[in-house]
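Accompanying notes for the structure given below.
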Amino acid sequence: MQKPVVLQFPVNDVCNSKCQMCNIWENKKSTDITPERVRDGFQSSLFSEVTSVGINGGEPTLREDLPALVDAMFDGLGKLKEITLITNGYKTAQVVERVLQVAEVCHFRGASLNVMVSLDGYGQVHDDVRRRSDYFSRSTATIEQLRHHPNISGLSVACTVIKENVFALADLLDYCIVQDLAVKFRLGIPHKRLYTLDKEDTYLFSSQEKYELAEFIHGLLRHYEKAPKQRYFYQSLIEQLVNNAPRKAGCLWQHKGATVTHKGELAYCAVKSPVVVNDISAEDPLNAYFDGEPILQQIRAQDCADCHHDYLDEVPEKPATSWITKSLLKFDWYRKAKQRAEYKQHYQQLLTTVSRPLDHKAILICGWYGTETLGDKAILGGILDELLHQQATDARIYLCSLFPYVSEQTQAQMPELQNITLVDVEQALSIVDQVDTLIFGGGPVMTTPPIVEMAALFTRARQAGKNTVVAGCGVGPLGEPSLTPYVKQVLDNAKVKIYRDNNSAQIAQQLGVSANNATVSHDPAFLWLDKYRPIPTVKTNEKRVLLLGLREPPNSEYGAHLDAKQSAQLRHRFDTTILDALIHLCEQDSQWEILPIPMCTNHIGNDDRWYYRELFRGNRLLKDRVNMQFLYQELKPSDYLLAFSCADVCLTMRFHSLVFSLACNKPSVAIDYTFGKGKVAALAGNAGIAQRDISQLSSDWLVTEIQNAKVPDYPKQDTFKQQFRAAMNNT
């Protein structure tokens, strides 16, 4: 333990809000420490190293003597250099008056004042969380009056995340970015000082809520948050949410932080600590603080590992490698090393995984599951439906998932997946030589780092004499030469290869893969789409729906010929072209409604929701024409399929957005982000629909083709079903 360098100081115990996550507002009065007692108490040598104080409440601006209280703090705390004040901003005139008075004191004392205004959502969401009307408008009015005052060093927004607002965080982030306001998201938790240890219904998150919050924070890390301390805390929080891992982010209150309550009591952290001194002005708290170390040790041992509070500490110079680090930079050592010898060493290690016997018939499906897009879900649904239609109904079906917490959501969304067993890569390697059949379940066989794991699975299965099938896969991109041998390894070890297009079959032959037992078919997603495609509802209005199946241009994967500057220029040109085209369409026809559909809703595949929100953020010309309803929580695949079936025209870019559009017989236009090299161009060409290379795109072309788009003439030959059945007959 050290002397505290930071203090939490809730200066009162009443509030004019009625927040769902706090019960302080139920208090009718607050017996508060006076400025004189603050001055006396803070002169203890215990506080000689304090440089920062966080003032909160209750609502601190309800105290008329708040400026005098702050002035007294400076008298006692000789090293105080920073104050952070948190306010709800509800009573604008009163809050502004109090805050500016405090700012004047801080300025006179040569210290900085940072103000945080609580916003727990955009518009009505904030009002619902705070359970008062006009709350959002009042708080934002307070922000506007404070944000440019010279005596305020920083103004930011704090959002507490609970069940009420967990699916609506992106709207608040959009608002803050447009308004140039920094925002931090903190998880609402049972809190001793807030009298909420029994409010678990407000805080406890379902599996989907935890997943969505984790994915949102992943997006913050990739697109928004730059501060190292906050990033480290967010990384730790994700790990706690999705893996129930112990907290890795540090906390100053574990060793050099303290809390002084509104009564003048001393405690350690505000969340769990009991009072260790009843009145810092009546007795010197120094000895009691250090003598109470066993109390702090007990809190550390019992509570800290599960704590989600946003207390921060310094980021360690060499943070321990954590699950979330691996999640954010999956197989990052591959990308850094780029050494074929290291790939080979890892591959050989995987082949030595200890085998686990099975006492039942089994089928193992692998691929890029755990990172699945909407297209991957349709592929999996089609393959499973066909398996269950055959003799495989008596086999247990295992799904190998790179990130099982992602696949758990897919399983919950699709009834046809209820009886499969999820396994991670290590578990899959331990049973692969015991299963009857190993299936690479659709998607591309490509040079992404986990291809090493897939190659090891196929090698072990083939060595054990098992049936091995590549089921409706593409081949490529092959952007990383050091990983190409593992693509070949998968294909060489597949007894049956069903490619989804001729181009993939040709690439495989160019790699030296035998054409024996190799055929070309439709994408297996068509099986699921043909079975579950809904009948479109009859339109009750004149709107024409332009469905978007776009994605952030993956130039790093397909544009190896571009340097960083060229890639950035292409991205800017692409975004500008899309927006120009949509604006022109809407100007020419007032009936157009733009409906962005995210084909990917996880961070590993570059969550499309973030791309769409960035694309449309702050665009006033399209604000009332873009329907954002699908850019919140992840929905069931059938919900997205219904959107396709009700669209008038589909502007597609992700491969399976085109597959969905074709399956629904919708007029379509395609953008090829592979620079003419791969799957999008091949499928669009086979369907005879308008397409253009991303580098050659123009807004005029888009407007013309969207206006003239016709239903594609795409044959629905059921070739995959017959070929897959033949492959499974070898089981």
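Numbers below:
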| read-out | value |
| --- | --- |
| Contact order normalised by residue count of the chain, Cα under 8 Å, 6+ apart, percent | 9 |
| Cα-based reach from Lys28 at 19 Å (exclusive), listing aspartates and glutamates while leaving out same-chain residues under 8 positions away | Asp13, Glu59, Glu64, Asp65 |
| Fraction of accessible area attributable to carbon and sulfur, the chain (%, probe 1.4 Å) | 47 |
| Among the listed pairs Lys377/Lys495; Lys3/Lys272; Lys210/Lys679; Lys3/Lys91; Lys18/Lys226, those beyond 26 Å (Cα-Cα) | Lys210/Lys679; Lys3/Lys91; Lys18/Lys226 |
| Sequence-distant aspartates and glutamates (8 or more away, or on other chains) whose Cα lies within less than 17 Å of Lys466 | Asp359, Asp433, Asp436, Asp492 |
| Derived scalar couplings ³J(HN,Hα) [the stretch 632-647; Karplus, 6.51 cos²θ - 1.76 cosθ + 1.60; whole Hz; x for Gly, Pro] | 10, 5, 5, 10, 6, x, 5, 5, 5, 4, 4, 4, 4, 5, 9, 6 |
| Sequence of Lys28, Lys565, Lys184, Lys81 when ordered by accessible area, the most exposed leading, probe 1.4 angstrom | Lys28, Lys565, Lys81, Lys184 |
| At 1.567 mPa s and 4 °C, Stokes D of the stretch 116-171 from Kirkwood alpha-carbon radius, µm² per second | 109 |
| Relative intensity, log₁₀ I(q)/I(0), of the stretch 625-723 from a Debye sum that treats every alpha carbon as a point, q = 0.22 Å⁻¹ | -1.22 |
| Rounded accessible area of Asp32 (nearest 10 Å², 1.4 Å probe) | 40 |
| Rounded, prolate or oblate (a/c below 1.5 giving rounded, otherwise prolate when a/b exceeds b/c) for the stretch 590-655 by Cα gyration tensor | oblate |
| Accessible area of the stretch 404-448 divided out per residue, in Å², using a probe of 1.4 angstrom | 31 |
| Highest-first arrangement of 705-714, 608-617, where packing means the average Cβ count within 10 Å | 608-617, 705-714 |
| Where only C-alpha atoms are counted, convex hull volume of the chain per residue in Å³ | 175 |
| Shape category assigned to the stretch 11-115 from the gyration tensor of Cα positions, a/c cut at 1.5 | prolate |
| Order of exposure, largest accessible area first, which applies to Glu372, Glu97 with probe 1.4 Å | Glu97, Glu372 |
| Amide H within-cut-off set for Val14, under 5 Å, with H built and near neighbours excluded | Gly58, Glu59 |
| Share antiparallel - DSSP beta bridges, the chain, percent rounded to 5 | 5 |
| Phi to ³J(HN,Hα) by Karplus 6.51 cos²θ - 1.76 cosθ + 1.60 over the stretch 272-280, Hz, x for Gly, Pro | 10, 6, x, 6, 10, 9, 6, 7, 5 |
| Amide hydrogen neighbours beyond the local backbone of Thr468, cut-off 5 Å, H modeled | Leu438, Lys495, Val496 |
| Cα pair distances of the stretch 457-559 binned at 10 Å [whole percent] | 12, 31, 28, 16, 9, 3, 0 |
| Under the Karplus curve 6.51 cos²θ - 1.76 cosθ + 1.60, θ = phi - 60°, whole-Hz ³J(HN,Hα) for the stretch 33-41, x wherever Gly or Pro sits | 5, 8, x, 5, 5, 4, 4, 5, x |
| Expected 222 nm ellipticity per residue - DSSP helices of 4 or more, -39500 (n - 2.57), all of the chain, to 500 | -12000 deg cm²/dmol |
| Cut-off under 5 Å, modelled amide H: who pairs with Val545 long-range | Glu593, Asp648, Val649 |
| Relative pair counts by distance (%), Cα atoms of the stretch 208-328, 5 Å bins | 2, 11, 19, 19, 15, 12, 10, 7, 4, 1, 0 |
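The values are calculated or read from the model by the stated rules, or taken from the named source; none is laboratory data. Keep in mind that what you see is a predicted model, and the values were worked out from it rather than measured. Glycine gets a Cβ as well: all are built from the backbone with ideal geometry, and neighbour counts include every protein chain shown. The accessibility values were calculated without ligands, DNA or RNA, using every heavy atom of the protein model including side chains. Shrake-Rupley method; radii C 1.70, N 1.55, O 1.52, S 1.80 Å.
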